[in-house]
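What follows is a single structure, written as structure tokens, with notes after it.
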Amino acid sequence: MIPVSAARPYLTLLVARCRQETQYRAAALFGMATQLFWGLVRIAIFTAFLKAGANRSSMNLTQTITYLWLVQGMIRVMPWSVDADIRNLVREGTVVYELLRPIDLYLSWYMRAFARHAIPTVMRAIPLFVAAVLLFHMQLPLTVAAGALFATAVVLALLLAAAMSTLMSISLLFTLSGDGIQRIVPAIANFASGLLIPLSFLPTTLQHILRVLPFRDLIDTPARLYIGQIGAPEAAAAFAQTVLWTAALALFGRFLVLRASKRMVVHGG
Amino acid sequence: MKPVTSGMYVYLRLVLACLRSQMQYRASFLMMAFGQFLVTGLEFAAIAALFYRFGSIHGWQLHQVAFLYGVVGSGYALAEGLCRGFDQFSAIIRRGDFDRLLLRPRSTVMQVAAFEVQLMRIGRFLQAAFVLTWALMNLHAEPGTLMAAAAMIIGTMCTFCGLFVLQATLTFFTVETPEIVNVVTYGGVETASFPLTIYPGWLRFTFTWLVPLASTAYLPARLLFKAHGPMSHILILPACGLLFLLASIVIWQFGERHYASTGS
């Protein structure tokens, strides 16, 4: 195993990044107000659909409302953008300093990405869930086990999201602008994660396809565990799949970094 | 007074210059336009999936909601394309760029509107236009329906332009645009794409009386599909959007008088 001393720079980096993210508390508060508004609009839309055909629904109204609040709370898990700092590093050529540091580039960017997803998620989700439970019909997990499985799934979702985000940042080393990847990945992720529509509302064939992709573990899997739509046996399988995807994406990212650093043309002078 | 025609001429020249500069990065433009198309396209796929499962919403069928969605989506994309500067106004203020605009002998409204017009918005517009075309085909649209759709798109576009202008006016006082403003712009697109009756009272009030999206989208559509109201009413209602835009410009001019530069 890796000795503790070797892991230290990465842990320090992680803690520093986390501290930096907690500075944006006012933004988180305003963000929460926005999310409350969106939640209420989405709930009105889904409630109207469920009223039209409750018997055709895979979830009852309370479960649906709870699912929609979970989506709003976990919105910052989504790999929506590449790290603006890293984009500037690549554009201005200062990325060369990153390469000079005696640490693993992939791991240090991964830590940044993890902090960038984890801290805003925690800062937004907790106050939002409190407000939604007290005022807007969000349900608490029915069992302690469901709550624990949800918490585990969120941690795994954040690890997976960080791997996706890092991969998007790494693509900058090859394309410079990142304009395309920055729009196409989020578009697919929004649909395939359950952000736009709970996946169990989709036609069955489509569900089978989306089940193989990693995106559903960002939101749909944690949310289903929370509302009790899936239990411990399915959770174990889902978790195993998340871990495999995360490892695969991380290895691929690390491979790309090594390749890029061998044949990189640094811009700027 | 400056002649309006000369103002429009300069606006067109500025817009064309923006477009030419963006076409220098053709691959990037194509990717971004495709990305926009994909984002909203999958959003509509989610709506279609809900209809596939649940059938209807408050008595509205998929093609009727698609009509609303197409009108609102294309109106918004046009507004975003043509009034981009107001949407990005916070950056213009922060860099002190607004001082330069004030020095030029043309209306600031026109100059800001033409600031960094983005051609890639065409992706979103095309997606909404496709949905609208599909809806019109399924509605067996008559010439009247087409005229109504055009009027509704223009009215919706004016309303969103007005919202961008108001959002920018706010920046005269706050410098940063608060994220909460997105609630009426992005939120407006989402809300107005569905029949308004599904929402709680405060939301209906907001998008009827404060932001006239109901008059430019939902109400004319209801007259078309449900109430079979007279065509004159259907065509006159979206004019509320134009009034809203004019009112926003008056407020903008008030805000402009209170502008203090941040530049150095």
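Return the residue satisfying two criteria in turn: it lies in the stretch A:166-184 and is more than 9 Å from chain B (Cβ to nearest Cβ), assigned to a helix (DSSP H, G or I) and of a type outside the set (G, A, S), and of such residues it is most open to solvent (accessible area, probe 1.4 Å).
Of all residues in the stretch A:166-184, those more than 9 Å from chain B (Cβ to nearest Cβ) come to A:166-176, A:178.
Next, only the ones that are assigned to a helix (DSSP H, G or I) stay: A:166-175.
If we keep only those that are of a type outside the set (G, A, S) too, we end up with A:166-168, A:170, A:172-175.
Values: A:T166: 2, A:L167: 34, A:M168: 8, A:I170: 0, A:L172: 0, A:L173: 31, A:F174: 96, A:T175: 81 Å².
Restricting to residues being more than 9 Å from chain B (Cβ to nearest Cβ), assigned to a helix (DSSP H, G or I) and of a type outside the set (G, A, S), the top hit is A:F174.
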Exactly one of (1) within 23 Å of A:L202 (Cα to Cα); (2) not in a loop (DSSP other than H, G, I, E, B) is unmet by A:P79. Its number? (2)
Select from the stretch B:89-105 the residues that are among the charged types (D, E, K, R) and either open to solvent by less than 40 Å² (accessible area, probe 1.4 Å) or out of contact with any Ser or Thr (no Cβ under 8 Å at 6 or more places or on another chain) (or both) and list them in ascending order. B:R95, B:D97, B:R100, B:R104
Given the condition under 27 Å from B:F44 (Cα atoms) and either modelled with pLDDT of 90 or more or touching a His at 6+ places or on another chain (Cβ under 7 Å) (or both), answer yes or no: does some residue in the stretch B:242-260 qualify? no
Please work out which residue is farthest from the other protein chains (Cβ to nearest Cβ), limiting yourself to the stretch A:192-225 and to residues that are in a helix (DSSP H, G or I), open to solvent by 20 Å² or more (accessible area, probe 1.4 Å) and in contact with a helix residue (DSSP H, G or I) (Cβ under 7 Å, 6 or more places away or on another chain). A:R216
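Could you check the stretch B:48-86 and list, in sequence order, the residues that are within 14 Å of chain A (Cβ to nearest Cβ) and surrounded by 21 or more Cβ atoms within 10 Å (Cβ to Cβ)? Full working, then the answer.
Residues of the stretch B:48-86 within 14 Å of chain A (Cβ to nearest Cβ): B:48-62, B:64-65, B:68-69, B:72.
Answer for the stretch B:48-86, where residues must be within 14 Å of chain A (Cβ to nearest Cβ) and surrounded by 21 or more Cβ atoms within 10 Å (Cβ to Cβ): B:L50, B:I57, B:W60, B:Q64, B:V65, B:L68, B:Y69, B:V72.
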Exactly one of these conditions fails for A:V243: (1) within 30 Å of A:I45 (Cα to Cα); (2) open to solvent by 50 Å² or more (accessible area, probe 1.4 Å); (3) in a helix (DSSP H, G or I). Give me its number. (1)
State yes or no: is A:R76 open to solvent by 50 Å² or more (accessible area, probe 1.4 Å), in contact (Cβ under 8 Å) with a residue 12 or more places away in the chain, closer than 30 Å to A:L251 by Cα and within 14 Å of chain B (Cβ to nearest Cβ)? yes
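Go through the residues of the stretch B:23-35 one by one and say whether even a single one is outside any helix (DSSP H, G or I) and crowded, with 21+ Cβ neighbours inside 10 Å.
At the first step, the residues of the stretch B:23-35 found to be outside any helix (DSSP H, G or I) are B:23-25.
Adding the requirement that they be crowded, with 21+ Cβ neighbours inside 10 Å leaves none.
No, because not a single residue in the stretch B:23-35 is outside any helix (DSSP H, G or I) and crowded, with 21+ Cβ neighbours inside 10 Å.
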For the condition more than 20 Å from B:A113 (Cβ to Cβ), aliphatic (A, V, I, L, M) and in contact (Cβ under 8 Å) with a residue 40 or more places away in the chain, what is the one hit in B:L196, B:L210, B:L224? B:L224
For the subset of the stretch A:150-166 comprising residues that are over 13 Å from the mean Cα position of the chain (by Cα) and in contact (Cβ under 8 Å) with a residue 12 or more places away in the chain, which member is farthest from B:A49 (Cα to Cα)? A:T152
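Can you tell me how many residues within the stretch A:25-47 are open to solvent by 20 Å² or more (accessible area, probe 1.4 Å) and more than 9 Å from chain B (Cβ to nearest Cβ)? I'd like the intermediate steps shown before the answer.
Here is the first cut: in the stretch A:25-47, the residues open to solvent by 20 Å² or more (accessible area, probe 1.4 Å) are A:25-27, A:29-30, A:32-33, A:36-38, A:40, A:42-43, A:47.
Retained after the next criterion (residues that are more than 9 Å from chain B (Cβ to nearest Cβ)): A:25-26, A:29, A:32, A:36, A:43.
Result for the stretch A:25-47: 6.
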Restricted to the stretch A:106-125 and to residues being more than 12 Å from the chain's Cα centre (by Cα) and open to solvent by less than 20 Å² (accessible area, probe 1.4 Å), the residue farthest from A:C18 (Cα to Cα) is A:Y106
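When the residues of the stretch A:3-24 are narrowed to those that are more than 14 Å from chain B (Cβ to nearest Cβ) and not in a helix (DSSP H, G or I), which ends up surrounded by the most Cβ atoms within 10 Å (Cβ to Cβ)?
First, the residues of the stretch A:3-24 that are more than 14 Å from chain B (Cβ to nearest Cβ): A:3-23.
Now restrict to residues that are not in a helix (DSSP H, G or I): A:3, A:22-23.
Working: A:P3: 7, A:T22: 13, A:Q23: 9.
Across the stretch A:3-24, the extreme among qualifying residues is A:T22.
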State all residues of the stretch B:194-207 that are more than 9 Å from chain A (Cβ to nearest Cβ) and surrounded by 20 or more Cβ atoms within 10 Å (Cβ to Cβ); if no residue qualifies, say none. B:L196, B:F207
Do the conditions hold for B:M110, that is, is it open to solvent by less than 70 Å² (accessible area, probe 1.4 Å), closer than 27 Å to B:F44 by Cβ, aliphatic (A, V, I, L, M) and touching a residue at least 60 places away in the same chain (Cβ under 8 Å)? no
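State whether one or more residues within the stretch B:20-30 are within 11 Å of chain A (Cβ to nearest Cβ), touching a Pro at 6+ places or on another chain (Cβ under 6 Å) and in contact (Cβ under 8 Å) with a residue 24 or more places away in the chain. Give the steps one after another, and end with the answer.
To start, the set of residues in the stretch B:20-30 that are within 11 Å of chain A (Cβ to nearest Cβ) comprises B:25, B:27-30.
Still in the running and touching a Pro at 6+ places or on another chain (Cβ under 6 Å): none.
Looking for residues that are within 11 Å of chain A (Cβ to nearest Cβ), touching a Pro at 6+ places or on another chain (Cβ under 6 Å) and in contact (Cβ under 8 Å) with a residue 24 or more places away in the chain, one finds none in the stretch B:20-30, hence no.
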Could you tell me which of the residues A:L105, A:L61, A:L128 is closer than 19 Å to A:I197 by Cα and among the aliphatic types (A, V, I, L, M)? A:L61
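For A:N55, indicate whether it is out of contact with any helix residue (DSSP H, G or I) (no Cβ under 9 Å at 6 or more places or on another chain) and open to solvent by 10 Å² or more (accessible area, probe 1.4 Å). Even if it seems obvious, please write down each step before you answer.
On the way: out of contact with any helix residue (DSSP H, G or I) (no Cβ under 9 Å at 6 or more places or on another chain): yes; open to solvent by 10 Å² or more (accessible area, probe 1.4 Å): yes.
Yes, satisfied.
The values are calculated or read from the model by the stated rules, or taken from the named source; none is laboratory data. Computed from a predicted structure; not experimentally measured. Counting neighbours? That spans all protein chains shown, and the Cβs are built from the backbone with ideal geometry, glycine included. What goes into the accessible areas is simple: the full protein's heavy atoms, side chains included, and nothing from ligands, DNA or RNA. Shrake-Rupley method; radii C 1.70, N 1.55, O 1.52, S 1.80 Å.
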